[in-house]
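Student: The structure under discussion is supplied below as structure tokens; questions concerning it will follow.
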Amino acid sequence: MRKNILKKFFIIILILLSTSACSKEKLFSVHVIDVGQGDSILIKTISNKNILVDAGDEEAEHTVYSYLKRNGVHRIDILIATHPDTDHIGGMDYIVDKFKIVNFFMPNCKANSESYYNLIDSCRNNNVKIEFLSKGDSLKIDSHTKIDVLQPATIVADKNNLNSIVFLLTYDGHTFLFTGDAEKENEADILSSYDISNIDFLKAGHHGSSSSSTKEFIERLKPNAVAISCGYHNDYGHPHRSVLETFRENNCIVYRTDKNGSLVFYCDKDGLFTKRKYIIE
């Protein structure tokens, strides 16, 4: 009798654990991977689509690879190189070599660097077609998720930050803005071209540099949560004190990889949360 009761108890526990695991797996999530002074972001949709935005520098390739594997990524449905700076694409050739890449996007610009040529070689060797994104393009990910590309409007020679892909991801009415290393000129064009405000999430431009996240931009966007990807005690002084003050003045909750490590944000019908604590309701 006791054995039967214990057996039923363990079956119930297993069912609950299984249900909980499935529920968590189906949540939309944004993972800002700690790659030091660089960018790498994994977006997982409820339809099991994996979007990887940037891959850090060469030293971060194993960090990104291991993070993806730990989070059940076996293929990358959309790979985006926001721009060809080494701290964004240095580890990307390794990712192209190790994962099945379904779609790969970058801006229509080049860089005279080993990282750029390594990436191009890996795409060629793995039969990965490179497609370009610019202002006005859109990608439908699934019935719940859409990407609208806001930048670059034009390609500027020898200024790759200005060529950064900036995109607004919409998931069931919730809005997430990813900015690469976009600067104030890009932000001004976005403000004049689009009616965007009160967004849920912002990946701060250029690691929190003072050349991005202008007061006008943040006052219009009013992001609830801001993620800054930067290295601990980096040589650039990122994030800049004036930028942090701008976020504070606009009541943004700021998360930083240099202080918090890798960041994970989940989203459901009730809003955005991290570690089951809602940021917005």
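Student: Lysines within cross-link reach of Lys110: Cα-Cα under 22 Å, excluding same-chain residues under 8 positions apart?
Tutor: By straight Cα distance, Lys110 reaches Lys129, Lys135, Lys159, Lys184.
Student: Tell me the mean residue ellipticity at 222 nm calculated for the chain from its helices only (DSSP H runs of n ≥ 4, each -39500 (n - 2.57), averaged over every residue, nearest 500).
Tutor: Rounded to the nearest 500, the figure is -9000 deg cm²/dmol.
Student: Can you give the extra length, in nm with one decimal, that the chain gains between Arg248 and Val264 once fully stretched, where that is 0.36 nm per residue apart less the Cα-Cα distance?
Tutor: Between Arg248 and Val264, full extension yields 3.7 nm more.
Student: Let me ask something additional. Taking Rh as the Kirkwood radius, which is the inverse of the mean 1/r over Cα pairs, what is the Rg/Rh value for region 91-222?
Tutor: When Rh is taken as the Kirkwood radius, the ratio is 0.98.
Student: With the contact rule set at Cα under 8 Å and sequence spacing of 6 or more, what percent relative contact order holds for the chain?
Tutor: It rounds to 15 percent for the chain.
Student: Another one. In whole percent, how big is the carbon plus sulfur part of the accessible area of region 162-281, probe 1.4 Å, protein atoms only?
Tutor: On region 162-281, the fraction of accessible area on carbon and sulfur atoms equals 45 percent.
Student: Right, next: If amide hydrogens are placed 1.01 Å from N in the peptide plane, which non-local residues have theirs closer than 5 Å to the one on Val166?
Tutor: The list, which skips near neighbours in sequence, is Leu150, Gln151.
Student: Now for a different question. With viscosity set to 0.692 mPa s and temperature to 37 °C, compute the Stokes-Einstein D of the chain, Rh being the Kirkwood radius across alpha carbon pairs; µm²/s, no decimals.
Tutor: In µm²/s, the coefficient is 170.
Student: Moving on to the next point. Report the calculated FRET efficiency for Asp142 and His62 (r = Cβ-Cβ distance, R0 = 30 Å), to the nearest 0.05.
Tutor: It comes out at approximately 0.50.
Student: Just to verify a number: what accessible area does Ile95 come out at with the full protein assembly present, 1.4 Å probe, Å² rounded to tens?
Tutor: Spelled out: Ile95, probe radius 1.4 Å, area about 0 Å².
Student: Here is a further query. What number comes out for accessible area per residue over the chain if the probe is 1.4 Å? Units Å², please.
Tutor: Value for the chain: 49 Å² per residue.
Student: Now for a separate question. Under 24 Å between alpha carbons, and skipping anything fewer than 8 positions from Lys275 in its own chain: which lysines qualify?
Tutor: Lys24, Lys26, Lys44, Lys49, Lys69, Lys203, Lys222, Lys259
Student: Given H placed on each backbone N at 1.01 Å, which residues far from Gly91 in sequence or on other chains put an amide H within less than 5 Å of it?
Tutor: Excluding prolines and chain starts, which carry no amide H, the hits are Ala55, Gly56, Asp57, Glu58.
Student: Which chymotrypsin sites (Phe, Trp or Tyr not before Pro) does region 146-249 hold that lie in a coil by DSSP with at most 11 other beta carbons within 10 Å?
Tutor: Sparse-neighbourhood loop chymotrypsin sites (Phe, Trp or Tyr not before Pro): none present.
Student: Could I ask something else about it? So, in Å, what gap is there between the alpha-carbon centers of region 152-170 and region 89-120?
Tutor: One Cα centre to the other: 16 Å.
Student: Then there is this: Can you give the FRET efficiency to the nearest 0.05 for Thr170 and Ser113, using r as the Cβ-Cβ distance and R₀ = 35 Å?
Tutor: Given R0 = 35 Å and the Cβ-Cβ separation, E is 0.55.
Student: List, in order, the whole-Hz ³J(HN,Hα) value for each residue of region 140-156 obtained from phi through the Karplus relation with A = 6.51, B = -1.76, C = 1.60 and θ = phi - 60°; use x for Gly and Pro.
Tutor: 8, 7, 7, 5, 10, 10, 9, 10, 10, 8, 9, 8, x, 7, 9, 9, 9
Student: Please report, ordered by residue number, every helix of the chain (full DSSP H runs) that is 30 Å or longer along its axis going by C-alpha atoms and whose mean Kyte-Doolittle hydropathy reaches 0.5.
Tutor: Membrane-span-like by this rule: 2-25.
Student: Can you tell me the length gained on complete extension of the stretch Ser134 to Glu216, counting 0.36 nm per residue apart and subtracting the Cα distance?
Tutor: 27.2 nm
The values are calculated or read from the model by the stated rules, or taken from the named source; none is laboratory data. Please read all numbers here as calculations on a predicted model, not as lab measurements. Note: ideal-geometry Cβ built from the backbone for every residue, glycine included; neighbour counts use all protein chains shown. For accessibility, only protein heavy atoms count, side chains too; no ligands or nucleic acids. Shrake-Rupley method; radii C 1.70, N 1.55, O 1.52, S 1.80 Å.
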